[in-house]
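Reviewing the structure listed below.
The values are calculated or read from the model by the stated rules, or taken from the named source; none is laboratory data. Note that this is a predicted model, so its numbers are computed, not measured. All Cβ positions, even for glycine, are placed from backbone atoms using ideal geometry, and neighbour counts span all protein chains on display. What goes into the accessible areas is simple: the full protein's heavy atoms, side chains included, and nothing from ligands, DNA or RNA. Shrake-Rupley method; radii C 1.70, N 1.55, O 1.52, S 1.80 Å.
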Amino acid sequence: MSDSGRSRVKVAVLVSGRGSNLQALLDACADPSHPAEIVAVISNVPGAYALERAEKAGVPTQVIDHKAFDGRPAFEDALNAALDAAGAELVCLAGFMRLLTDAFVDRWHDRMINIHPSLLPSFKGLHTHERALEAGVRFHGCTVHFVRADMDAGPIIAQAAVPVHPDDDADALGARVLEAEHRIYPLALRLVAEGHARVSGQRVVITSHGAPDSTLLNPAD
């Protein structure tokens, strides 16, 4: 239960790698007042460091190796069974490097969120920081969104913008974006768990937070 006496939303996190965004979620949900509780961390990659992070936080972990299954439907059946067994009400993708079928996404419609390292709808897919630099954009960033069947698509919950510096390479820019990711993913999860992020058509309506008033300029004025 949260401090308000309301039951916390049970969340499962799907991972494939080191799990830095998972750590941000674990840290946020360690606060009993947070409206979400992480009940399972599931990796499709044995030995992923994200599993160690979860174990240190006392969260149950499971490996469901996609290589052990004959095709995506069989893998996703096992994934759904694990999510059901954990009592998951919401799924967070945190560096989960598997494409999901339409059937899986539809089953978790408006109950699965993802973080992507760009200001969607720009730079969907991989190598976002390199592509942002090549395009010469002045701002880059990250997006948390509800998952839809199309890759890196779905109603946007939260975004964070970071400036692109003249001497940036992909690593420097990526590090700046990653810091922003660690801030907005817990925020987006809180908004969804509290019911303050509501999907209306193709947009998300936020009922508890306003937009910033200031304008950012790059180059600076």
(request) State to the nearest 20 debye the size of the charge dipole of the stretch 69-113 about its Cα centre, where the only charges are +1 on K and R beta carbons and -1 on D and E beta carbons. (result) 140 debye
(request) Quick one: pull the percent of accessible area on the stretch 1-119 belonging to carbon and sulfur, 1.4 Å probe, ligands and nucleic acids left out. (result) 50 percent
(message) With unit charges on the beta carbons (Lys and Arg positive, Asp and Glu negative) and the dipole taken about the Cα centre of the chain, which residue among Leu51, Ala211, Ala172 sits farthest to the positive side?
(response) Ala211
(message) Can you tell me which lysines have their Cα less than 27 Å from the Cα of Lys10? Leave out same-chain residues fewer than eight positions away.
(response) Lys56
(request) Determine the calculated [θ] at 222 nm for the chain from helices alone, applying -39500 (n - 2.57) to every DSSP H run no shorter than 4 residues and normalising by the residue count; nearest 500 deg cm²/dmol. (result) -10000 deg cm²/dmol
(request) In whole angstrom, note down how far apart the Cα centers of the stretch 194-221 and the stretch 125-178 are. (result) 17 Å
(message) If you restrict to DSSP beta bridges whose two residues both lie in the chain, what percentage is antiparallel, to the nearest 5?
(response) 45 percent
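Which order do Ser118, Ser33 take by accessible area at a 1.4 Å probe, largest first? Kindly include the intermediate steps, with their values, before the conclusion.
Numbers: Ser118 0, Ser33 45 Å².
Result of the area sort, largest leading: Ser33, Ser118.
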(request) For the stretch 12-17, take each phi angle, set θ = phi - 60°, evaluate the Karplus expression 6.51 cos²θ - 1.76 cosθ + 1.60, and give the result in whole Hz per residue in order, putting x for glycine and proline. (result) 10, 10, 9, 9, 9, x
(message) Per-residue counts of other Cβ atoms within 10 Å, averaged by peptide: what ranking do you get for 78-91, 176-189, 13-26, highest first?
(response) 13-26, 176-189, 78-91
(message) Checking the cross-link filter: which lysines have an alpha carbon closer than 26 Å to that of Lys124, excluding same-chain neighbours under 8 positions apart?
(response) Lys67
(message) What is the angle, in °, between the Cα long axis of helix 170-193 and the longest principal axis of the Cα atoms in the chain? Nearest 10 is fine, range 0 to 90.
(response) 50 degrees
(message) For semi-axes √(5λ) of the Cα gyration tensor in Å, pick the label among (1) 34, 18, 14; (2) 28, 21, 17; (3) 25, 20, 19 that corresponds to the value derived from the coordinates.
(response) (2)
(request) Go through the stretch 128-141 residue by residue and turn each phi into a ³J(HN,Hα) via Karplus (6.51, -1.76, 1.60, θ = phi - 60°); whole Hz please, and just put x for glycine and proline. (result) 5, 5, 4, 5, 5, 5, 5, 6, x, 5, 8, 10, 10, x
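Let a ≥ b ≥ c be the square roots of the eigenvalues of the Cα gyration tensor of the stretch 1-127; is it rounded (a/c under 1.5), or, if not, prolate (a/b larger than b/c) or oblate? Spell out each step's value before the answer.
Numbers: a/c = 1.44, a/b = 1.32, b/c = 1.09.
It comes out rounded by the Cα gyration axes.
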(message) If you fit an axis through the alpha-carbon atoms of helix 20-29 and take the longest principal axis of the Cα set of the chain, what angle between them do you get, 0 to 90°, nearest 10?
(response) 70 degrees
(request) Scan around Leu119 for amide H atoms under 5 Å from its own, H built in the peptide plane at 1.01 Å from N, and keep only partners 5 or more places away or cross-chain. (result) Gly141
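Just to confirm, what accessible area per residue do you get for the stretch 1-107 at 1.4 Å probe, in whole Å²? Intermediate values should be presented prior to the final figure.
Details: 5010 Å² over 107 residues.
Value for the stretch 1-107: 47 Å² per residue.
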(request) Multiply the residue gap between Ala170 and Glu134 by 0.36 nm, knock off their C-alpha separation, and tell me the result in nm, one decimal place. (result) 12.0 nm
(request) Specify whether the C-alpha gyration tensor of the stretch 119-221 places it in the rounded, prolate or oblate class, a ≥ b ≥ c being the square roots of the eigenvalues: rounded for a/c under 1.5, otherwise prolate if a/b is larger than b/c and oblate if not. (result) prolate
